[in-house]
Amino acid sequence: YDATSGFIAATIGMVGTMLLAHGTDEQKARELRPLLRADRTWCQLFSEPEAGSDLASLTTRAVRDGDHFVVTGQKVWTSYAQYCERAVLLARTNADVPKHRGITAMLVDFTAPGITVRPLQLMTGHSHFNEVFLDEVRVPVADVVGQIDGGWAVARSVLSSEATQVGTTADSGDVHALIELARESGQAGDPRVRQEL
């Protein structure tokens with residue numbers, strides 16, 4: 001349809017490969033088909049105000065309460081969270097071990113009570129980055145990806161997929177379709193349209 005898949009292709013690459021490598025059979029059966037069909041949109045809740053380049057220093061907490069974790073914390077620079085229904089979350093589940101070992105990865109339903117998404121407006125006027133606040137969000141233990149306290153391996157898998165995508169998708173071909181659309185609609189000569197292109 002000459003339409004870009006946008007961030008959906010990126011999340012398919014990151015979430016799909018993560019689930020294939022670390023997900024349970026139930027998680028794969030439940031999540032992969034809707035992911036590939038874009039029936040559900042995803043984001044990653046990794047970076048925090050004080051944990052960006054040193055991701056393992058994250059402070060979002062997940063405390064076990066029976067068959068759920070109760071999650072409280074803040075994430076930032078989350079791309080397109082305002083459009084998402086699901087997320088991959090990294091949270092600290094054990095503060096008594098070295099920081100890389102006390103992190104757990106889990107799948108979060110964005111319709112759960114306690115989640116607030118606030119778009120961050122950039123100087124350009126765009127708002128594709130967001131802050132996400134989690135206030136006692138209940139996440140089923142069944143939605144843990146990989147091992148409890150073993151989420152660093154899952155995070156590395158997601159980040160590796162992301163880096164591969166960034167390095168191999170410099171020109172997806174979508175720009176050419178967009179330029180042709182501008183020509184067909186008579187806007188290719190508009191300086192503002194040209195600048196955006």
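Solvent-accessible area of the chain (1.4 angstrom probe, protein heavy atoms only): carbon and sulfur portion equals 52 percent. Rounded to the nearest Hz, the phi-derived 3J(HN,Hα) couplings of region 55-61 under the Karplus curve 6.51 cos²θ - 1.76 cosθ + 1.60 (θ = phi - 60°) are 4, 5, 8, 4, 10, 4, 9, where x marks glycine and proline. Only helical runs count toward this figure. For the chain, summing -39,500 (n - 2.57) over DSSP H runs of n ≥ 4 and dividing by all residues gives -9000 deg cm²/dmol at 222 nm. Students often get this wrong, so try it: which of [x] 54, 37, 33; [y] 61, 35, 30; [z] 54, 38, 25 is Cα extents along the principal axes in Å as calculated from the structure shown? Here the calculated entry is [y]. Antiparallel beta bridges, as assigned by DSSP with both residues in region 1-128, represent about 70 percent of the total such bridges.
In this structure the amide hydrogen of residue 68, modeled in the peptide plane, comes within under 5 Å of the amide hydrogens of 141, none closer than 5 places in sequence on its chain.
Taking all Cα pairs closer than 8 Å and separated by 6 or more residues, the relative contact order of region 45-197 comes to 22 percent. Computed from backbone phi, the HN-Hα couplings of region 140-151 come to x, 4, 4, 9, 5, 9, x, 9, 4, 6, x, x Hz, rounded to whole numbers (Karplus: 6.51 cos²θ - 1.76 cosθ + 1.60, θ = phi - 60°; Gly and Pro given as x).
What region 1-63 shows is 54 Å² of accessible area per residue, with the surface traced by a 1.4 Å probe over protein heavy atoms.
The values are calculated or read from the model by the stated rules, or taken from the named source; none is laboratory data. All values reported here derive from a predicted model rather than from experimental measurement. We work out accessible area using only protein heavy atoms, side chains counted, and drop any ligands, DNA or RNA first. Shrake-Rupley method; radii C 1.70, N 1.55, O 1.52, S 1.80 Å.
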